[in-house]
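Chemist: Supplied in structure tokens, the structure appears directly below.
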Amino acid sequence: MAEVRIEGLTKRFPGGVQAVDDLDLDIEDGEFFSLLGPSGCGKTTLLRSIAGLETPTAGRISIGEQDVTRIPPGERDVAMVFQDYALYPHMEVVDNIAYPLKVRKHSKSDRHRRAGEAAESLSLGELLNRRPAALSGGQQQRVAVARAVAHEPSVFLFDEPLSNLDARLRLEARTFLKRLQGDLGVSTVYVTHDQSEALALSDRMAVMKDGRIRQIGAPEEVFSRPTDLFVASFIGSVPMNLLASTTTADGGLELAGQRVPVPGPYEGMLEPNRSVTFGARPEHGSLTPPDTPGAMTGLAVVAELLGTEHLVTVECGDVMVRVVTSDPPTPGEPVGVRFEEAWVLLFDTEDEQLIRREPAAAGDVRSTG
Amino acid sequence: MRTTDQAGDVEGGEPVPDDAEPSDEAQDRAGGATILGRITASGFIAPAAGLIGIFLIFPALWTLYLGLTDVRLTGAAAADPQFVGLDNYTAALQDSLFWNALVVTLIFVLGSAIVGQTVLGFTLAWVLRGWRSRTRQVIEVLVILAWIMPGSVVAFLWIAFLDGRDGTLNAMLPFVTDTEWLLENPLTSIIVFNTWRGTAFAMLLFGAAINSIPPSHLETARLAGASGWQQLRDVVLPRIRGHLLTALLLLSMWTFNLFTPYLLTQGGPNFETEILPIYVFREAFNFGRLGYGAAISAIMLLINLLIALFYIHVLRERNS
């Protein structure tokens, strides 16, 4: 078990693609840490650099007390689970699980005992003598995890390990991974492009784009207070409403041609005529009768069933606003939309950053012009 | 039924539902109805089957028949060959030059097809796998050039290369020598020649096979701390064993039947490079003993068959 420290990591591929750009990151001992981002954001390159499968162009990586930047993968004491599981088709399950131990010259009885224990903890006990081809996708995935577990590394690295499973299995696998990691307490770096996986599994997570970390924090924090527009639009199974808006001279907001009050937390912080982006999750909105003061008014156009609730799309002028409600209006009906002020976020349209209440700290000065 | 390899490739494809029997798909496919009727299908196959019969099966059978006669290229026995039973075969088994040719051929196959083309081709493919595309392309083009040039052109180049007085090889060597390579080391020369010529094919084949291994398989081994040799032994070779055996089968049979060394040495000096195809040619066309040549050809056919059966047996063993 160990923490992972990354300092100034840069990876430029031949041909000029800059996958990771001067990135700093500390992953604490025993933490479940997710790297989340769209494809091409550098998250997999970062993970492979920690594994030693990529050589960084610049920067330092340390695991525990040891600087591993120039150390080959086999000596880093990490285990990786790949998206395609990387099971050897010619080996039985038990030999697949025990392969890293075999390379490290453990005795055969020791290998089989540890492989058996790892398999047992992942309910693979019955399948030890099968070939991978005779296993289902979910079983293959668990064998790949068992191989990492039997290795007893200081860090687990997961590269989208659940994305080849179907939706139902993915949920199951998510639960057992979380539990397993909790039981073993091994530091884990988990790469995914699925924001719901990152939210569900992580102790902390980082959202990446273009080789840089855009936000880092606990899942609740990243979900409820995204610090910029990219994170705001990327996180959430129902996308956040992000509406162009302008502050008015009388301390309100002009939103889709209508006037709404500035949300409480932002009162007195905004000068008139500033372009801001109004961000609010559909879950934090509610429907009101049309023309309610302080609410936006529009026409309900679609209501989609989410399960217990409905996602209603309301057309206000030329923008679409989405609200989750348990009592959907009939399409075509005029309705008012209001969001809980405490949850509304305002972003500066120009630099795309969240407008913060706290007076800027020394390193956080932003001109408000 | 699917082979182990195919079924192992579920990664990247559709996930197999949990606890499903992996063979469901295969059973569905086998149950499909035939699109063409038996007669229509036979009609389509007939032209190809006919051509195969005329150009492959008939000559082979005709050779077997000729091997049992004393037919000659010219003279009375050319006009009226007599049936001589197994005389040609017993004569062959008593001819020391036949045994010489067989031994030379086996050394030639072992040296150039197995050690040369297969081992060298595989080594090249394995070493080049991690190289950047440009360097690799240049090397591949050069090696393939050796493979696509006509045999007669290549033979001329090698005669020039190995010549004693003006040969390129002697000029390149750091010490002064006038070694006549084709006279002093004839068998080694044709082994090197054929290795040079056929390695490209082996390299391309093995390169494709190595590329078919998902990178994550090798990376998993690297993360476990496996050395290059361990990766090769534990991950690569078991996975491409089928490719390896098929390539060995093809390369050994092609080399066994190769006539091109004749262009370099004509089988000499003193029969040192007289491989079986050259022996057959000399007996049948230089000495005009067509019947005897046909008998030796039949023996070669038999040896080819044995080689093929051996590899097929090894391949089968793997799948069971």
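Chemist: Pick from A:Gly307, A:Gly185, A:Gly264: which is most flexible by mean-square fluctuation in a GNM of chain A where alpha carbon atoms under 10 Å apart are linked?
Modeler: A:Gly307
Chemist: Quick one: net charge of A:His112's neighbours, Cβ under 13 Å, K/R +1, D/E -1?
Modeler: In short, 0.
Chemist: Can I ask one more? Enter the accessible area of B:Met172 (Å², nearest 10), with the probe set to 1.4 Å and all protein chains included.
Modeler: Estimated to the nearest 10 Å², B:Met172 gives 130 Å².
Chemist: Let me ask something else. Given a 1.4 Å probe and heavy atoms of the protein chains only, how would you sort A:Thr308, B:Thr74, A:Thr349, largest accessible area at the top?
Modeler: In descending accessible area the options line up as A:Thr308, B:Thr74, A:Thr349.
Chemist: Sticking with this one: Test of understanding: in a Gaussian network model of chain A with alpha carbons linked when under 10 Å, which of A:His193, A:His310, A:His151 would top the mean-square fluctuation ranking?
Modeler: Of A:His193, A:His310, A:His151, the Gaussian network model singles out A:His310 as fluctuating most.
Chemist: Once you average over the residues of A:86-97, how many Cβ atoms of partner chains fall within 10 Å of each Cβ?
Modeler: 4
Chemist: Using the alpha-carbon atoms, what tilt in degrees (0 to 90, nearest 10) does helix A:137-150 show relative to the longest principal axis of chain A?
Modeler: 70
Chemist: Quick one, what does Rg over Rh come out to for the protein assembly as shown if you take C-alpha atoms and the Kirkwood Rh?
Modeler: 1.15
Chemist: A further question on this structure: Please compute the net charge surrounding A:Arg281, taking Lys and Arg as +1 and Asp and Glu as -1 over other residues with Cβ under 10 Å from its Cβ.
Modeler: Once positives and negatives cancel, what remains is -1.
Chemist: Where a ≥ b ≥ c are the square roots of the eigenvalues of the C-alpha gyration tensor, would you call chain B rounded, which needs a/c under 1.5, or, failing that, prolate if a/b is larger than b/c, or oblate?
Modeler: Taking the square roots of the gyration eigenvalues as a ≥ b ≥ c, chain B is oblate.
Chemist: Moving on to the next point. Cut-off 10 angstrom, C-alpha nodes, Gaussian network model of chain B. Which of B:Ala209, B:Ala224, B:Ala146 fluctuates the most?
Modeler: Maximum among the listed residues: B:Ala224.
Chemist: Sorted by accessible area with a 1.4 angstrom probe, largest first, how do A:Glu92, B:Glu272 fall?
Modeler: Correct descending sequence by accessible area is B:Glu272, A:Glu92.
Chemist: Right, another one. Stokes-Einstein diffusion coefficient for the stretch B:85-157 at 10 °C in a medium of 1.306 mPa s, Rh from the Kirkwood formula over Cα pairs: what value in µm²/s?
Modeler: Estimated via Stokes-Einstein, D reaches 101 µm²/s.
Chemist: Right, next: Rounded to the nearest 500 deg cm²/dmol, what is the calculated helix-only ellipticity per residue at 222 nm for the protein assembly as shown, with -39500 (n - 2.57) per DSSP H run of length n ≥ 4?
Modeler: -12500 deg cm²/dmol
Chemist: Just read off the accessible area of A:Asp22 with the full protein assembly in place, 1.4 Å probe, to the nearest 10 Å².
Modeler: Taking all protein chains as shown, A:Asp22 has close to 90 Å².
Chemist: Report, to one decimal in Å, the Kirkwood hydrodynamic radius for chain A based on all distinct Cα pairs.
Modeler: Final number for the Kirkwood radius of chain A is 23.1 Å.
Chemist: Under the rule of at least 5 residues apart or a separate chain, name every residue whose amide H is placed under 5 Å from the amide H of A:Gln353.
Modeler: A:Asp348
Chemist: For chain B, what is the relative contact order in percent, using Cα pairs closer than 8 Å and at least 6 residues apart in sequence?
Modeler: Once normalised by length, the contact order is 27 percent.
Chemist: Please state the relative contact order of the stretch A:108-256 as a whole percent: Cα pairs under 8 Å, 6+ residues apart?
Modeler: Averaging sequence separation for qualifying contacts and normalising by length gives 13 percent for the stretch A:108-256.
Chemist: Can you list the lysines whose alpha carbon is less than 18 Å from that of A:Lys209, not counting same-chain residues fewer than 8 positions off?
Modeler: A:Lys11, A:Lys43
Chemist: Could you state the per residue volume, in Å³, of the convex hull enclosing the Cα atoms of the stretch A:61-202?
Modeler: 118
Chemist: Leaving ligands, DNA and RNA out of it, rank A:Arg338, B:Arg222 by accessible area with a 1.4 Å probe, largest first.
Modeler: A:Arg338, B:Arg222
Chemist: Express as a percent, rounded to the nearest 5, the fraction of DSSP beta bridges in the protein assembly as shown (both residues included) that run antiparallel.
Modeler: DSSP beta bridges in the protein assembly as shown are roughly 75 percent antiparallel.
Chemist: Around A:Pro56, under 14 Å between beta carbons, what's the net of Lys plus Arg minus Asp minus Glu among the other residues?
Modeler: Its environment carries a net charge of +1.
Chemist: Another question, if that's okay. Based on the alpha-carbon gyration tensor of the stretch A:233-364, what equivalent-ellipsoid semi-axes (square roots of 5 times the eigenvalues) come out, in whole Å, largest first?
Modeler: Working through the eigenvalues yields semi-axes of 27, 17, 12 Å.
The values are calculated or read from the model by the stated rules, or taken from the named source; none is laboratory data. What you see is a predicted model; the values in this text were computed from it and never measured. Glycine also receives a Cβ, built like all others from the backbone with ideal geometry; neighbour counts cover every protein chain displayed. Accessible surface is based on the protein model in full, side chains and every heavy atom, while ligands, DNA and RNA are left aside. Shrake-Rupley method; radii C 1.70, N 1.55, O 1.52, S 1.80 Å.
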